[in-house]
1. Give me the strands (runs of 3 or more DSSP E) completely within segment A:11-68, filtered to those with at least 1 residues that are under 20 Å from A:Phe100 (Cα atoms), in contact (Cβ under 8 Å) with a residue 12 or more places away in the chain and within 14 Å of chain B (Cβ to nearest Cβ), ordered by residue number.
2. Restricting to segment B:56-115, count the residues that are among the charged types (D, E, K, R) and within 13 Å of chain A (Cβ to nearest Cβ).
3. If I ask for residues that are within 14 Å of chain A (Cβ to nearest Cβ) and exposed (fewer than 13 other Cβ atoms within 10 Å of the Cβ), which ones from segment B:28-52 would you list?
4. Quick one: in segment B:29-69, of everything that is without any contact (Cβ under 8 Å) to a residue 12 or more places away in the chain and in a loop (DSSP other than H, G, I, E, B), which residue is nearest to A:Gly40 (Cα to Cα)?
5. Give the number of residues within segment B:72-85 that are surrounded by 19 or more Cβ atoms within 10 Å (Cβ to Cβ) and more than 15 Å from B:Trp34 (Cα to Cα).
6. What are the residues in segment A:24-59 that are within 19 Å of B:Phe42 (Cα to Cα), crowded, with 16+ Cβ neighbours inside 10 Å, in contact with a Phe, Trp or Tyr (Cβ under 8 Å, 6 or more places away or on another chain) and not aromatic (Phe, Trp, Tyr), if any?
7. Kindly list the number of the only condition in (1) in contact with a helix residue (DSSP H, G or I) (Cβ under 9 Å, 6 or more places away or on another chain); (2) surrounded by 21 or more Cβ atoms within 10 Å (Cβ to Cβ) that fails for A:Gly101.
8. Out of everything in segment B:3-27 that is part of a loop (DSSP other than H, G, I, E, B) and within 11 Å of another protein chain (Cβ to nearest Cβ), what residue ends up being modelled with the highest pLDDT?
Amino acid sequence: SQQGEEDPQALSIQEGENATMNCSYKTSINNLQWYRQNSGRGLVHLILIRSNEREKHSGRLRVTLDTSKKSSSLLITASRAADTASYFCATDHKVGKLIFGQGTTLQVKP
Amino acid sequence: DTAVSQTPKYLVTQMGNDKSIKCEQNLGHDTMYWYKQDSKKFLKIMFSYNNKELIINETVPNRFSPKSPDKAHLNLHINSLELGDSAVYFCASSQDLAGGIDEQFFGPGTRLTVL
């Protein structure tokens, strides 16, 4: 399966702490994206990192990509209760098709 | 204004029935998608259309028939519904396919329950 795998499946932290989620995939990619899904809602795009990039920042988000290890990580710094959601990585292995990981469910306790 | 909208939000129906889900995007995007998310939150692409042309059909049973009357709309018709069709169906859109996948904009989802 080309499906990505995310680790951990669930994460619970206190507000103010950092949260790190990891994603691994199996075949070569063009881009890797991270999405957030709040409970009962659609997915929202967070950040896209291209295969020739190693790190990218957006506000409190930091994404790294290691194509040699076929892995990526998403770091959320100074987490807030509003960051409580599921986070998915997605990779494009061929034109027109995104493969999503199984997601990490993050709970941030106030 | 909602960028990607779907109707209905909830759909409860009996096995064997036929139902449709509608999707519209007002972003001017060329590409639209249908995804299925199961109870374990596993999200899988079903179809993608680019300028009304089918690009991806992920071995979905032919009971599922997408229709794109224009590039702003992508509807999903499901015949002879089965229990296993119960899931949340998401519509999404992106600018185009050139150079790889752009970020996708998702609709709010349609929760389908087959009894």
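The values are calculated or read from the model by the stated rules, or taken from the named source; none is laboratory data. Nothing here was measured: the structure is a model prediction, and the numbers come from that model. Counting neighbours? That spans all protein chains shown, and the Cβs are built from the backbone with ideal geometry, glycine included.
1. A:19-24, A:31-37, A:43-50, A:61-66
2. Within segment B:56-115, the first condition is being among the charged types (D, E, K, R), and the residues that meet it are B:58, B:63, B:67, B:70-71, B:82, B:85, B:96, B:102-103, B:111.
Narrowing the set further to residues that are within 13 Å of chain A (Cβ to nearest Cβ) leaves B:58, B:96, B:102-103, B:111.
Count: 5.
3. B:Asp38, B:Ser39, B:Lys40
4. Going through the qualifying residues, I end up with B:Lys41.
5. 1
6. Result: A:Leu32, A:Arg36, A:Gln37, A:Gly42, A:Leu43, A:His45, A:Leu46.
7. (1)
8. My answer is B:Lys9.
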